[in-house]
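Report on the following structure.
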Amino acid sequence: MSTPNEPQQPERKTFTGITRRATRRSVKVTDAVAKYVITIGGIGVVVCFAAIIGFLLYTVVPLFKPAEIDQKLSTNLPAPAPTTAPSAAGNPMAMQIDEYLKSFWLLDDRGQLSIYRTAAAELVRTEALSDAPVTAMTNHRNVVAIGREDGTARVGRIRQEIEFLEHLPDAMEGLKEGDSAIHDGGVAMMTPAGPRVVRTVAELSDPVAITKENPSAIRLIDYFSNDQLEVMAAQLDDGRLFFNTITKRNNVMTGKVTRRVNSYVLPVPAYKGAEKAASLLLGLNGRMVFVIYADGYCLRYNTDSPAEAYVAEEIDLLPQAGVTVTKVQMLLGSRTLIVADSTGGVSGWFPAPYPFDQEAKTKDREHMMLAHAMPAQGAAVTSIAVSERDRQFLTGDTGGGVWLRHMTSGTTQGKMSTKDDAAVQLLAIAPKNDAVLMVDAQRQVALYSLHNPHADGSLSALFLPIHYEGYPEPSQVWQSSAGTDDAEAKFSLMPLVFGTVKATIYAMLFGVPIALLAAIYSSEFMQPRVRAVVKPVVEMMASLPSVVLGFIAALVLAPFIEQVLPAVLMTFIAIPVGLMLFGFIWQGLPPHTTRSLPGWIPFAAMLGLVVFSLWFSFQIGPTVESILFFGDFRGWVGYIPGRAVPGVPVSPFASAIPGWIVLLSPLFAVGLVILFNLYVRRHLSLYNASTSRATITIADITRFALTGLIAVALAYVVGAMFNAIGWDLRGGPIGPYVQRNTLIVGMIMGFAIIPIIYTVSEDALSSVPPSLRSAALGAGATPWQTAIRVVLPVAISGIFSACMIGFGRAAGETMIVLMAGGNTAILDPNIFTGVRPMSANIAVELPEAPVNSTHYRVLFLSAVVLFVITFCVNTAAEMIRIRFRKRAYQL
């Protein structure tokens, strides 16, 4: 009964005649608000997702932008007034521009240093660096050596000094910030901190003699210097080769530096004694000397021990007939030799060790390799300039073309040209890689601005095999940092992609079978009371933080498994075998006995059996290791096939049969079971119907044991055949063992994804209508047949979704792999080696990557690649799931 004061709700008649009350206004308001909130939330999710993708692309796209090159200056280079006797202008031999792009210097063949203001190629001053005729010269990264006619050399550096001025000089009156002017023998400029002057200073030693015995003019010279080492190589006019080490002594009283030269003669082959070389270069910071002749013939000297230097190798750099070497230069790090020829061809050579499967043919066990054959320019190369920061370099030719190249990727980054296509005489790259300076044969100087910060970011370097310095063959390597600035950056993403896939696959192999079998058991065979306790406990496992799991794996599990590895591997066999035997025994018990037992008893019995199987594995593990693996499983997997030494007894570890037995036995066992079910079981159905359950159980256990023995025997026979023809698992899925490896990752990450897969799969199985189970059981199917042939096909779409959720969880896992995976970015399928997926790599390196650097952007690119992989997998999985669902509806 409603009260008189309560508002009456209007009543409406429907077409069925049923009276309905009008919807309250509060309900309508709530419904409208919910509609708009859900709509806004959905749009917000889409916008956020699009913003994330947009930010990733915004960060990644600059990696693939071409170099930006703009001409800033083109003018005639004024000839300096000679400071020594010949009055004609000298021929420029070396050039460099300062890091502020305000001045540059030229060193000509008379030994005269000329400094110019960049803005107008205006001469600042000149300085004579040699009082004797100059016959040879070299310049690397401002390190200069001048060889002279009297057999002596001056070595040292040409550097820039910076002086901040307290008062504004008259020459700088009216200058704006960034402008420059000549002042006091240098170039003055305005900066936010005030006026400053940059002066070019030559710090060269007193003349040092190449040799004191029969000195003659120096034809070729090269020089290397750092804080620990100072070496020089030279060839005299009479053809003799020398390698000199220089010891510096500082006079504390006067501050004067004196140099003591230790001279060593390099042997010249008799057939090359009369021929003069075209180029002479130091490599590997003075550990090697390259003597190159005009026809491309090269002698590589090993100078690790200068007193015992020898010709380590003879190489033909130009096998084409009629082609001559026009220019050679060492790349940054002095390991890669750039060779340019008369056809415009450019190639990169470096010494590398011989592959493991090849016999070394040189004394130092290294050989020169043609690592990079780059596109030809079409005209003879006349000048090469290398970057001081990365693997970029310039090549200029007789036709006035200048190509900006990148050695590691083998790509051409950009092209320039001189005025009137005059032959290029000198090239220089600014220390910050932000400018290119060139001088042509007509003394025209040109300055180009250069913006190419991501020369390492080509698609070939990111995804294809690259021949890196010191590697015997092209490889895919991730190495973003090194102990020296000269190191070659290696940004191949393939080891990270491989690591992601490898860790995910092993985690799925470990977690999916356990989770699915547990879901089937708890849904179809476990009593409701027990399931009500077990399922929440398993679901609570999903709340364990991954960092805790990783900590346990790294500090507890990994050291423990290293000590008992054979026993741990035995558990993968003992537990399934034990559960199978339990199933045979359980089905042999009388039906009234199994029905009368409480539901927790079989569950507790299986748990006890698992514990017993673990104990049994640890007891029998050493015995199996002794029988199969000669008492040392880690020694067997660590043996490298193909390392037999003549005269040395063959190691028992050389046999590959144990590995084939372990791998093939389960496969043969499964095959035998399938054959039995297809061709034998149906003939025994009538016999089983008239036989007691105990007899059937004994027969099943006997058949199970015989199947195992036959499978092992077949695996031994086939393994012996594979071993005879040289097939070995080592070097593939198994190999040397390290403590933190993919096995540990697979076990712990599989443990982490089990709760998710189990929960979703169990819900999918439980949602199958009970009528289907009843119909199957009524038709005479056993509970196991009902679960496998009726319930599982109906729930397969949900189970597949559960597996994909677990896949996504494993692919995106960071902390477990970071702490337990060994942090090793390598392309190695070995389950006993470490792994580094993309997610862990981003977590490790992104905090230390300079913002907007190539390293920074490549890390974001790896995030894009990870997204693309998961997107493709999820899309394919959804298509498969829809197909499964359609088939389930048809059942």
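The values are calculated or read from the model by the stated rules, or taken from the named source; none is laboratory data. Quantities reported herein were computed from a predicted structural model and do not represent experimental measurements. Positions of Cβ are backbone-derived with ideal geometry, glycine not excepted, and every protein chain shown enters the neighbour counts. Keep in mind that these areas ignore ligands, DNA and RNA; they rest on the heavy atoms of the full protein, side chains included. Shrake-Rupley method; radii C 1.70, N 1.55, O 1.52, S 1.80 Å.
Of the helices (runs of 4 or more DSSP H) lying entirely inside region 773-891, those containing at least 1 residues that are in contact with a Ser or Thr (Cβ under 7 Å, 6 or more places away or on another chain), small (Gly, Ala, Ser) and over 30 Å from residue 490 (Cα atoms) are 796-811, 854-890.
Output yes when any residue across region 648-660 is aromatic (Phe, Trp, Tyr), farther than 20 Å from residue 724 by Cα and assigned to a helix (DSSP H, G or I), and no when none is. Within region 648-660, none of the residues are aromatic (Phe, Trp, Tyr), farther than 20 Å from residue 724 by Cα and assigned to a helix (DSSP H, G or I).
Does at least one position in region 684-693 carry a residue that is at pLDDT below 85, in contact with a helix residue (DSSP H, G or I) (Cβ under 7 Å, 6 or more places away or on another chain) and either open to solvent by 30 Å² or more (accessible area, probe 1.4 Å) or in a loop (DSSP other than H, G, I, E, B) (or both)? Yes, region 684-693 has at least one match.
If the condition is being hydrophobic (A, V, I, L, M, F, W, C) and under 48 Å from the mean Cα position of the chain (by Cα), then region 25-47 contributes 37, 38, 40, 43, 45, 46, 47. In region 273-297, the residues that are under 30 Å from residue 487 (Cβ atoms) and among the charged types (D, E, K, R) form Cβ pairs under 7 Å with partners that are assigned to a loop (DSSP other than H, G, I, E, B) and open to solvent by 10 Å² or more (accessible area, probe 1.4 Å), at six or more places apart or across chains, as follows: 287/304. Answer with yes or no whether residue 328 is closer than 22 Å to residue 460 by Cβ and of a type in the set (Val, Ile, Thr). Answer is no for this residue. Residue check: residue 539 meets all listed conditions (1) surrounded by fewer than 17 Cβ atoms within 10 Å (Cβ to Cβ); (2) over 19 Å from residue 800 (Cα atoms); (3) in contact with a Ser or Thr (Cβ under 7 Å, 6 or more places away or on another chain) but one, namely (2).
If you go through region 214-232 and pick out every residue that is of a type in the set (Ser, Thr, Tyr) and either closer than 24 Å to residue 304 by Cβ or open to solvent by 70 Å² or more (accessible area, probe 1.4 Å) (or both), you end up with 2. The single condition among (1) polar (S, T, N, Q); (2) at pLDDT 90 or above; (3) part of a loop (DSSP other than H, G, I, E, B) that residue 320 does not meet is (2).
Yes or no, residue by residue, for (1) in contact (Cβ under 8 Å) with a residue 60 or more places away in the chain; (2) aliphatic (A, V, I, L, M); (3) open to solvent by less than 20 Å² (accessible area, probe 1.4 Å):
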{"site": "330", "(1), (2), (3)": "yes, yes, yes"}
{"site": "342", "(1), (2), (3)": "no, no, no"}
{"site": "346", "(1), (2), (3)": "no, yes, yes"}
{"site": "356", "(1), (2), (3)": "yes, no, no"}
{"site": "368", "(1), (2), (3)": "yes, yes, yes"}
{"site": "384", "(1), (2), (3)": "no, yes, yes"}
{"site": "388", "(1), (2), (3)": "yes, no, no"}
{"site": "398", "(1), (2), (3)": "no, no, no"}
{"site": "403", "(1), (2), (3)": "no, no, no"}
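Quick check on region 420-430. Is at least one of its residues small (Gly, Ala, Ser) and farther than 18 Å from residue 452 by Cβ? Yes, region 420-430 has at least one match. Scoring residue 767 on the criteria (1) surrounded by fewer than 16 Cβ atoms within 10 Å (Cβ to Cβ); (2) at pLDDT 85 or above; (3) of a type outside the set (Asp, Glu); (4) in contact with a Leu (Cβ under 9 Å, 6 or more places away or on another chain) leaves a single failure, condition (4). Of all the criteria given as (1) touching a residue at least 24 places away in the same chain (Cβ under 8 Å); (2) farther than 14 Å from residue 511 by Cα; (3) aliphatic (A, V, I, L, M), the one not satisfied by residue 804 is (2). Filtered by the rule that a residue be polar (S, T, N, Q) and at pLDDT 90 or above, region 854-870 gives 854, 862. Scanning region 545-586 for residues that are of a type in the set (Phe, Trp, Tyr) and closer than 23 Å to residue 701 by Cα yields 572, 582, 584, 586.
For region 542-576, a residue qualifies if it is open to solvent by 60 Å² or more (accessible area, probe 1.4 Å) and not in a helix (DSSP H, G or I), and the qualifying residues are 544, 545.
Screening region 179-202 for residues that are free of Cβ contacts under 8 Å to residues at least 24 places away in the same chain and touching a Lys or Arg at 6+ places or on another chain (Cβ under 9 Å) and picking the one that is surrounded by the fewest Cβ atoms within 10 Å (Cβ to Cβ) gives 184. Within region 239-268, the set of residues being at pLDDT below 80 and assigned to a loop (DSSP other than H, G, I, E, B) comprises 251, 252, 253, 254, 255, 256.
Figure legend. Inter-residue proximity from region 528-541: first residues farther than 17 Å from residue 607 by Cα, second residues polar (S, T, N, Q) and surrounded by 10 or more Cβ atoms within 10 Å (Cβ to Cβ), beta-carbon distance below 8 Å, spacing 6+ or different chains. Indicated pairs: 539/759. In region 774-795 there is no residue that is crowded, with 19+ Cβ neighbours inside 10 Å and at pLDDT 90 or above. Considering region 714-758, and only residues there that are touching a strand residue (DSSP E or B) at 6+ places or on another chain (Cβ under 9 Å) and not β-branched (Val, Ile, Thr), the residue that is surrounded by the fewest Cβ atoms within 10 Å (Cβ to Cβ) turns out to be 739. Remark: pairs (first residue in region 128-148, on the phi > 0 side of the Ramachandran plot; second residue of a type in the set (Lys, Arg); Cβ separation under 7 Å; 6+ apart in sequence or on different chains) = 142/157; 142/159. Quick one: would you say residue 621 is surrounded by 14 or more Cβ atoms within 10 Å (Cβ to Cβ) and modelled with pLDDT under 75? Considered against the rule, which asks whether it is surrounded by 14 or more Cβ atoms within 10 Å (Cβ to Cβ) and modelled with pLDDT under 75, residue 621 comes out as no.
Looking only at residues of region 333-343 that are outside any strand (DSSP E or B) and in contact with a strand residue (DSSP E or B) (Cβ under 6 Å, 6 or more places away or on another chain), we find that the one that is nearest to residue 397 (Cα to Cα) is 342. Taken together, the residues in region 579-602 that are not hydrophobic (A, V, I, L, M, F, W, C) and not in a helix (DSSP H, G or I) amount to 3. Within region 225-238, the set of residues being under 24 Å from residue 335 (Cα atoms) and at pLDDT below 90 comprises 225, 226, 227, 228, 229, 230. For residue 340, the requirement of being closer than 24 Å to residue 230 by Cα and either modelled with pLDDT of 90 or more or within 32 Å of the chain's Cα centre (by Cα) (or both) is not met.
Selection over region 812-832 of residues that are under 30 Å from residue 522 (Cβ atoms) and buried (at least 22 other Cβ atoms within 10 Å of the Cβ) gives a count of 4.
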